[in-house]
Amino acid sequence: MAADPNCIFCKIAAGDIPSTTVLDSPLAIAFLDVGPLADGHVLLIPRDHYERLDQMPADVFGQVAALLPKLGSALQRVAGVDAYNVLQNNGAAAGQEVGHVHFHLIPRCPGDGLGYRWNAKSYAAGRADELAARFSELLD
Ligand code: AMP
Ligand code: ZN
């Protein structure tokens, strides 16, 4: 297993510091966030250390992400909600504080006061096509 000795989530995955684990599988674990945005807020992490999503091998990502449906299902029953967000931050500007890939699963209910300022913009003429062309070059 690839671990970073300075990483708090690697230490949690190794059992070297305590966490309230809710799911334990060969490639991933999930545990309660110590600073929950709502009761039942959990973090799903790969056992191996990857700082960012784009550094994960696709097959490892796939096996970790495959746990999200059943975790999301359990989360709703535990928290007594019928809504939740899956949030995954990459990079400081995106709000990532812990440099080990993690998915937040956050129970939601009406009026909970959580949420984004979703300041949607629009594209100037031609810009969307330029961006799509650039994606095509990189993803071919
Ligand atoms: P992010 O801002 O996406 O990097 O989120 C990091 C999350 O990790 C925060 O919500 C913290 O509350 C949570 N966190 C940090 N340390 C621990 C810990 N030892 N156990 C559980 N959750 C933690
Ligand atoms: Zn780590």
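The values are calculated or read from the model by the stated rules, or taken from the named source; none is laboratory data. Because the structure is a prediction, the values reported are computed rather than measured. Neighbour counts run over all protein chains shown; Cβ positions are idealised from the backbone, glycine included.
Considering only residues of the range 55-70 that are assigned to a helix (DSSP H, G or I) and more than 12 Å from the chain's Cα centre (by Cα), which is nearest to ligand 1 (Cβ to nearest atom)? Explain how you work it out, then say what you get.
Of the residues in the range 55-70, the ones assigned to a helix (DSSP H, G or I) are 55, 58-65, 68-70.
Now drop any that are not more than 12 Å from the chain's Cα centre (by Cα), which leaves 55, 58-60, 62-63, 69-70.
Values: Gln55: 15, Ala58: 21, Asp59: 23, Val60: 19, Gly62: 21, Gln63: 21, Pro69: 21, Lys70: 21 Å.
Among those residues, the one meeting the criterion is Gln55.
On the basis of being more than 20 Å from Ile8 (Cβ to Cβ) and either loosely packed, with under 15 Cβ neighbours inside 10 Å or among the basic types (Lys, Arg) (or both), does Asp24 make the cut?
Details: more than 20 Å from Ile8 (Cβ to Cβ): no; either loosely packed, with under 15 Cβ neighbours inside 10 Å or among the basic types (Lys, Arg) (or both): yes.
In short, no.
Given the options Ala79, Ala2, Ala38, name the one that is at pLDDT below 95 and either under 30 Å from Gly111 (Cβ atoms) or more than 15 Å from ligand 1 (Cβ to nearest atom) (or both). Even if it seems obvious, please write down each step before you answer.
Working: Ala79 fails: at pLDDT below 95; Ala38 fails: at pLDDT below 95.
Residue meeting the stated conditions: Ala2.
Please identify the pairs in which a residue from the range 1-16 that is in contact (Cβ under 8 Å) with a residue 60 or more places away in the chain and within 7 Å of ligand 2 (Cβ to nearest atom) has its Cβ atom under 7 Å from the Cβ atom of a residue that is among the small types (Gly, Ala, Ser) and part of a loop (DSSP other than H, G, I, E, B), counting only partners at least 6 apart or on another chain.
Close Cβ pairs satisfying both conditions: Cys7/Gly99; Cys10/Ala3.
Closer than 30 Å to Pro26 by Cβ, of a type outside the set (A, V, I, L, M, F, W, C) and assigned to a loop (DSSP other than H, G, I, E, B): which single residue out of Gln96, Gln76 fits that description? Quick ask: steps written out before the conclusion?
Working: Gln76 fails: assigned to a loop (DSSP other than H, G, I, E, B).
Criteria check complete, one pass: Gln96.
Tally up the residues in the range 14-25 that are of a type outside the set (S, T, N, Q) and either within 11 Å of ligand 1 (Cβ to nearest atom) or assigned to a loop (DSSP other than H, G, I, E, B) (or both), please. Let's see the steps before the verdict.
First pass over the range 14-25, keeping only residues of a type outside the set (S, T, N, Q): 14-18, 22-24.
Filter once more, keeping what is either within 11 Å of ligand 1 (Cβ to nearest atom) or assigned to a loop (DSSP other than H, G, I, E, B) (or both): 15-18.
Result for the range 14-25: 4.
Restricting to the range 101-128, name every residue that is in contact (Cβ under 8 Å) with a residue 24 or more places away in the chain, assigned to a loop (DSSP other than H, G, I, E, B), within 25 Å of Phe9 (Cβ to Cβ) and more than 10 Å from the chain's Cα centre (by Cα).
Filtering the range 101-128 for residues in contact (Cβ under 8 Å) with a residue 24 or more places away in the chain gives 101-109, 112, 114.
Still in the list and also assigned to a loop (DSSP other than H, G, I, E, B): 101-102, 109, 112, 114.
Right, trim to within 25 Å of Phe9 (Cβ to Cβ) and you get 101-102, 114.
Matches in the range 101-128: Leu114 only.
How many residues does the range 27-68 hold that are among the charged types (D, E, K, R), loosely packed, with under 14 Cβ neighbours inside 10 Å and within 16 Å of ligand 2 (Cβ to nearest atom)?
Matching residues across the range 27-68 total 1.
Do you know which residues across the range 26-42 are in contact with a Leu (Cβ under 8 Å, 6 or more places away or on another chain) and in a loop (DSSP other than H, G, I, E, B)?
Asp33, Leu37, Ala38, Gly40, His41
Give just the number: which of (1) surrounded by 16 or more Cβ atoms within 10 Å (Cβ to Cβ); (2) modelled with pLDDT under 95 does Ala13 not satisfy?
(2)
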